[in-house]
Each structure stands twice: as C-alpha cells, then as structure tokens.
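The values are calculated or read from the model by the stated rules, or taken from the named source; none is laboratory data. Nothing here was measured: the structure is a model prediction, and the numbers come from that model. Note that we place each Cβ from the backbone using ideal geometry, even for glycine, and neighbour counts take in every protein chain shown. Accessible surface areas use protein heavy atoms only, side chains included; no ligands, DNA or RNA. Shrake-Rupley method; radii C 1.70, N 1.55, O 1.52, S 1.80 Å.
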Amino acid sequence: MPGKPVNTATKNERKLNFWERLYLPEVLKGLGWSIRKIWKEPSYTFQYPEEQWYPSDNYRGRPVLVQEEGKTRCVSCNLCARACPPMAISMESREIDGPKEREPVWFEIDMLRCIYCGFCEEVCPEEAIVMSKEYDLTFQDREEAIFGLDRLLVPKERLADRLAFLRKQQNPQFGSTWEYPRENNRHSLRDLTTDAESIQTEQ
Amino acid sequence: MSIIEQLDFSKTLSYWPRHNEAIYRRLESKHAWLEERHHPDDDEAVDPLDNEMILNIGPQHPATHGVIRCVVKLDGETIKKCVLDIGYLHRGLEKLAESKTYQEFMPYTDRMDYLSPYSNNVAWCLAVEKLAAIEVPERAQWIRMIMSELARISSHLLWMGVSLMDAGAVSVFLWTFQFREDLYNIFDEVTGARLTVSHSRIGGLVTDLGEKGIEMIEDFIERFPVAVGEWEKLLNRNRIWIDRVDGVGVLTAEEAVELGMTGANLRGSGVGHDIRRFEPYLKYDEVDFTIPIRTEGDALARYFVRMEEMKEAIIIIRQCLDRLPEGEIRSDDAKRSYPGKDEVYYSMEGLIHDFMVTDTGVCPPNGAEAYHAIEAPKGELGFFLQSDGTGRPCRVRINSPSFSNLQGLESMLEGGMMGDMVVMIATVDPVLGEADK
C-alpha cells in the first residue's frame with residue numbers, strides 16, 4: 001500500500017504548559033544536554049594529517065594506470081577519453097610489436113578536471129585504468145596537475161585490493177550461463193600460437 | 001579617437017551596474033500587498049521607526065544557505081518589499097547536458113542538489129529510462145530506494161542543523177553532522193564517494209550493495225530513531241525554539257499551491273501532495289508509510305513535517321531491507337546498458353557493446369519526450385527530456401524543487417520581521433546549486 005497523507009499533529013503540539021513556558025529551565029535543559037554530550041559521547045573526529053584515513057576498496061581515488069611487468073596494460077583505445085564527462089583524459093597511440101599491438105605514446109589526465117566519477121575504469125576493456133585510494137592531491141601550479149605516464153603508472157601489486165574488488169563487484173555478469181574462457185581474450189591475431197601457449201603455461 | 005577612449009571599457013563591462021539598477025527598479029515598482037495585509041484601513045497607528053531603507057543581504061552571507069541575494073526594503077524592522085536575486089551559481093547544466101551523452105551527464109546531477117546527490121542521480125536515470133523504455137532489475141530499484149531515503153535523511157539533517165543554527169542553537173548543528181558523517185560513511189562504502197556518489201546508471205547501478213554496506217545501514221537505522229527521539233525531546237517542547245519559529249513565514253494551502261511550493265513546504269501548509277504516493281516510481285507503491293502533513297503552514301509546521309519525514313524514511317528503509325531481493329543490478333540488454341566485465345574482457349560482442357554504449361549510449365527514438373519527477377528531499381525534482389534520436393538529449397529541462405520553493409520566499413518575507421528572515425530562508429530549505437542549475 002502506498003503512503004497516505006496523514007495530519008500527524010499531536011494534541012497541544014504548539015501549546016506549551018506553564019512549566020515549559022518558564023524561560024530559564026529551557027536554557028538549563030539545553031546546557032545540560034550539551035554537557036551530557038561532552039561526557040557521554042566518544043570523540044567523533046580524528047586528527048587528519050597525523051592520523052590517516054584508509055578508504056574502503058570501493059573508494060574512488062585518483063585514476064591510475066595499471067603497470068604489469070614494467071609495461072602499461074593500456075592499449076590506447078581512447079575509450080576512457082571518450083567516456084570522461086569533463087574530458088580530462090588525452091593520449092596519443094602508436095603501434096608496437098607484440099601481442100598488445102598498441103600502446104600510448106603519452107597519456108595525460110588533467111587532475112584539475114577529473115571529477116573522480118570512475119567512468120574511465122568502468123568502460124576500460126583491458127582493466128588498465130583503475131581508481132586508486134589516493135585522495136589528497138595538492139599542486140603548486142596548473143602544469144603540475146597534468147599527470148603523465150610517469151605519475152599515472154602504478155604496479156599491479158599495489159592495486160591488488162581494487163582489482164579484486166572490481167572482479168567481485170563492478171559490472172557483474174548477469175543472467176547468462178555462458179562461460180568465458182580466457183583464451184578468448186587474445187590480443188593479436190598475428191601470433192595466435194604463442195599467445196595461446198603463454199596462456200596455457202600461465203594456467 | 002584617443003587612446004583613453006579606446007581603453008574605456010565602462011560601457012562594455014557595465015553588466016553589474018545595469019543588473020543592480022534593474023533589481024532596484026524592480027524593487028521600487030513591485031506592488032506588494034503589504035499595506036492591505038498588515039495595515040488595515042482603520043489602523044491609523046504610525047510606526048515610530050518610520051524610515052525606509054534598502055538593504056542587501058547576500059549573496060555571500062552565512063544565513064543565506066548559498067549564494068542568494070535578497071534585496072529588501074525595510075520599514076523600521078518590517079520587510080516591506082523583497083526582491084530575490086538568484087543565479088549566482090548558474091553553471092548552465094541544461095545546456096551542458098545537450099553536449100553530453102545520457103550516461104555522461106549523470107555525474108553532473110551530483111552537483112545540483114549537493115545535499116542529496118543520490119536522489120538526483122536516481123531522478124536523472126529514471127527520466128532517461130522512461131524516455132528509452134529501459135527495464136531496471138528489481139534489486140537495483142530497491143537499492144535505489146534505500147539510498148534515496150538515506151539521502152533524504154542526510155538532506156533533512158543538514159536542514160535541521162543549519163536552520164537551528166540560524167535560530168541560534170549551534171550545538172544541534174554538530175549533533176546532526178555526526179549522523180551525516182555516518183551517512184557519508186555509508187555512501188562511501190556503498191557508492192565509492194562521500195559526496196559525488198555517481199552510483200546510479202542508466203539501466204541499473206554500478207556496484208552492488210555488499211554485506212558491509214547492509215550492515216552499516218542496519219546499524220544506522222537502529223541508532224538514528226533514538227537520536228531523533230532525543231532531539232525531539234529537546235526541541236519539540238522547547239520554548240526558545242518554538243517562539244522563534246511559531247507563526248513565522250506563514251503560507252496558507254492556497255498560497256502554497258499558487259506559488260508552486262513543493263515538498264515539505266507544501267505539506268506543511270496542509271496539502272498532502274507527495275509524488276511517492278500519487279505517481280509512484282521505483283517500488284514506492286509497495287511499501288507502507290505515512291506522509292506527515294500539517295495545516296498551519298508556518299516554519300514550525302515545516303519543522304514537524306521534516307522531522308517526521310526522517311522517521312518515515314527509516315520505516316521505508318526497514319521495509320526495503322526486508323524485501324531486498326537477490327539478483328541483477330543492471331539491465332541485461334547490452335544495447336542499452338553496459339555488459340558485464342567478463343563479457344567485455346572475453347568476448348568480441350561484449351567489447352563491441354562496451355564501445356557502442358560508451359560512444360553513442362542509449363538512443364531513444366527520434367521525437368520522444370519524457371518528464372519524470374521524483375520526490376527529492378526538497379520536493380518535486382523532475383527532468384524533462386527531448387530526444388532527437390541520437391545519444392545526446394536534444395533538450396533538457398530541469399524542474400528543481402529549490403527553484404520552485406524560492407518563488408514563495410519573496411511573498412513569505414514581505415511583511416515579516418527582519419530578524420525572522422534567516423529563519424524563513426532556512427525553512428524554505430533552498431540549495432542554490434539546484435535553484436541556479
């Protein structure tokens with residue numbers, strides 16, 4: 001049953017009795033309340049720069065690029081740049097030899113533009129850009145706020161929490177019984193054999 | 001032409017003088033019904049403070065809840081006329097939406113009513129889903145409801161803290177912010193950000209509500225009603241508070257409807273209109289709750305309404321948690337919303353859909369129009385969308401509750417006392433990020 005508008009006013013809601021109309025007891029009541037809070041309440045704050053806050057795995061900090069075996073996972077498909085609402089991401093691509101075939105020449109995120117929405121992470125087909133747990137960024141000037149590959153690349157091991165969370169939570173697979181064999185995730189048709197072999201040895 | 005004339009920008013840069021003059025002209029020429037309302041003909045008494053004064057309050061004033069400017073004409077301490085100047089926080093969201101895909105615009109709605117960003121996300125997604133006829137899985141709808149009600153509590157808590165602080169009770173602000181901190185922790189755990197949640201997506205949600213999130217919400221709804229009870233014990237029978245708000249900013253039911261007030265401002269005047277009941281969205285037609293109303297229409301009535309709405313929100317969340325089904329949180333139609341990550345990583349079709357949904361997004365049929373409104377904490381928040389068949393909206397119109405509510409503020413202020421002005425602004429509960437869009 002949907003909600004029902006009810007006049008929930010109680011009797012004498014606005015009429016105060018004699019004792020309540022006395023001014024001083026109310027002042028004392030309020031003061032007593034505050035003093036009780038001082039005694040009873042545990043401290044609710046922490047001393048921020050000294051005590052650091054460690055965010056949960058779900059937290060969207062600054063976006064970083066996953067570094068795997070010294071190289072970026074990014075194949076420079078520009079999808080994150082397309083999905084980015086404030087257009088903070090830009091990159092230049094080049095073709096390389098190897099199974100991935102492509103990589104970014106340069107990759108920049110303007111951290112003054114970034115709104116930490118996590119769309120780049122959501123759309124990335126390679127799990128190459130993820131949101132880290134870093135949240136306190138400061139810059140001296142605008143140039144410094146444009147993060148290049150040097151500051152964006154973070155080793156996979158340091159992002160293990162977030163990557164595990166993404167596996168578990170984000171965009172889970174629904175309503176399908178199809179299994180997704182890893183061999184399907186081939187990056188190159190050039191050397192199918194070596195790619196398949198490397199996956200088999202991994203397994 | 002001499003060089004001095006060339007450098008004289010006074011004509012081209014004269015927006016502010018012209019704007020101010022227009023405001024003052026409007027104030028002068030405004031016909032307020034004050035004489036009839038407050039000085040009946042037989043009342044010959046002359047106010048000893050017979051000095052008219054024009055006073056600017058705001059845009060930057062701690063009591064104006066944002067950047068709102070009130071130009072008032074004072075007769076002694078009575079406000080004779082008032083002209084509101086809004087638009088200081090205008091960011092052109094409606095125009096901005098036309099150059100974004102439906103998905104891309106979603107984070108921008110966080111920045112509208114920044115006290116309850118989740119409700120805005122839900123409103124936008126529901127409007128787009130209505131426009132493109134997208135089915136949302138049950139679980140996603142229930143989670144959206146839970147989070148929207150938490151957003152309602154969060155917004156009302158801020159309203160309560162700030163309005164009591166305006167009335168002089170600073171410590172209440174700190175107590176409500178303690179619970180807002182709890183709410184922010186819940187939002188952080190569930191959505192990934194404290195304020196700019198960006199959690200709802202076209203066709204569902206981005207992440208599921210996990211065990212820990214449910215635990216935190218359950219813990220909150222255990223503790224919160226106790227705290228509300230304590231606050232009510234302190235405030236409901238408190239002479240200082242009741243004297244301050246009783247009979248301040250009265251709007252009758254007719255006036256409230258005529259001025260287009262929404263939300264608690266309307267229900268405080270005795271009009272029992274709530275979109276959750278009359279045009280149920282999500283699963284509001286399946287849960288049981290009452291819509292508290294009052295008939296007095298003053299600031300105290302709105303205070304009671306909002307306090308009870310917070311308690312009702314807890315009741316709704318309890319029912320949602322009981323009935324939260326297992327299942328999907330995102331539409332399974334890969335043409336309308338993102339496919340699962342496994343599919344994107346390991347199948348060609350998934351990858352193509354990922355690119356398609358990002359680049360073109362949902363494409364509602366050409367000429368389709370939809371208006372969808374939800375009961376946001378402040379009132380009716382509606383999005384009108386017009387599609388031209390592409391992935392971007394052709395036209396977006398935002399019907400924001402703060403903007404509608406501010407229309408009634410002028411009429412409330414006129415005839416009021418100068419000292420009650422901060423209380424009246426607080427009782428309307430405007431958020432200027434939303435009013436100015």
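A few points about this structure:
- Within straight-line reach of residue B:437, meaning a Cα separation under 21 Å, sit the following lysines at least 8 residues removed in sequence or on another chain: B:95, B:100, B:378.
- Computed with every protein chain present, the accessible area of residue A:20 is close to 40 Å² [probe 1.4 Å].
- Rg to Rh, two decimals, where the protein assembly as shown supplies the alpha carbon set and Rh follows Kirkwood: 1.02
- Counting, for every residue in A:110-122, the Cβ atoms of other protein chains within 10 Å of its Cβ and taking the mean gives 4.
- Cα-based shape type of the stretch B:204-338, given that a ≥ b ≥ c are square roots of the gyration tensor eigenvalues and the cut on a/c is 1.5: oblate
- Across chain B, the relative contact order, built from alpha-carbon pairs under 8 Å that are at least six residues apart, equals 24 percent.
- In range of the label at residue B:77: residues from the stretch B:160-176 whose backbone nitrogen is under 19 Å from the point 7 Å along Cα→Cβ: B:166-169
- In Å², nearest 10: area of residue B:53 left accessible to a 1.4 Å probe: 100
- Averaged over B:199-207, number of beta-carbon atoms from partner chains that fall within 10 Å: 3
- Applying 1/(1 + (r/R0)^6) with r as the Cβ-Cβ distance of residue A:43 and residue B:219 and R0 = 25 angstrom yields a FRET efficiency of 0.85.
- Listed by chain and number, the lysines placed with their C-alpha closer than 18 angstrom to that of residue B:30 are B:73, B:80, B:81; residues fewer than eight positions away on the same chain are left out.
- Residues B:359, B:208, ordered by accessible area of protein heavy atoms at a 1.4 angstrom probe radius and largest first, appear as B:359, B:208.
- Annotation: amide H-H contacts under 5 Å for residue A:68 (H modelled 1.01 Å from N, sequence separation of 5 or more, or interchain): A:73.
- Within 10 Å of the Cβ of each residue in A:10-17, the mean number of Cβ atoms contributed by other protein chains is 4.
- Hydrophobic, long helices, defined as DSSP H runs whose alpha-carbon span along the helix axis is 24 Å or greater and whose mean Kyte-Doolittle value is at least -0.5, occur in chain B at B:138-166, B:170-191, B:211-235, B:299-323.
- For chain B: rounded, prolate or oblate by the Cα gyration tensor [a/c cutoff 1.5]: oblate
- Ligands, DNA and RNA left out, the accessible area of the protein assembly as shown computed with a 1.4 Å probe is 55% carbon and sulfur.
- Partners of residue B:212 within straight-line reach, counting lysines whose Cα lies under 28 Å from its Cα and excluding those fewer than 8 residues away in the same chain: A:40, A:133, A:156, A:168, B:283, B:311, B:341.
- Per residue accessible area of the protein assembly as shown, 1.4 Å probe, in Å²: 46
- 5 angstrom amide H check on residue A:146, placed H, neighbours 5+ away: A:111
- Burial order of peptide ranges B:234-246, B:370-382 (average beta-carbon count within 10 Å, highest first): B:370-382, B:234-246
- Summarised as an ellipsoid, the stretch A:63-170 has semi-axes of 20, 17, 14 Å, derived from the eigenvalues of the Cα gyration tensor scaled by 5 and square-rooted, with the largest first.
- Separation of the stretch B:275-347 from the stretch B:117-140 is 11 Å, based on Cα centroids.
- Theoretical ellipticity at 222 nm over the protein assembly as shown - DSSP helices of four or more residues, -39500 (n - 2.57) apiece, nearest 500: -12500 deg cm²/dmol
- Size of the B/A contact, given as accessible area buried on both chains, probe 1.4 Å, in Å²: 6400
- Distance between modelled label sites at residue B:243 and residue B:359, nm, 7 Å Cα→Cβ extension: 7.0
- Accessible surface ranking for B:86, B:221, 1.4 angstrom probe, highest first: B:86, B:221.
- Candidate residues B:320, A:77: accessible-area rank, largest first, probe 1.4 Å: A:77, B:320
- Stretching residue B:177 away from residue B:227 to a fully extended chain increases their span by 16.8 nm, per 0.36 nm per residue minus the current alpha-carbon distance.
- Distances between placed amide hydrogens fall under 5 Å for residue A:96 paired with A:101, A:102, A:103, all partners being 5 or more residues away or on another chain.
- Note that the stretch B:193-198 has calculated 3J(HN,Hα) couplings of 8, 7, 10, 8, 5, 6 Hz, one per residue in order, obtained from phi through the Karplus relation 6.51 cos²θ - 1.76 cosθ + 1.60 (θ = phi - 60°); glycine and proline are x.
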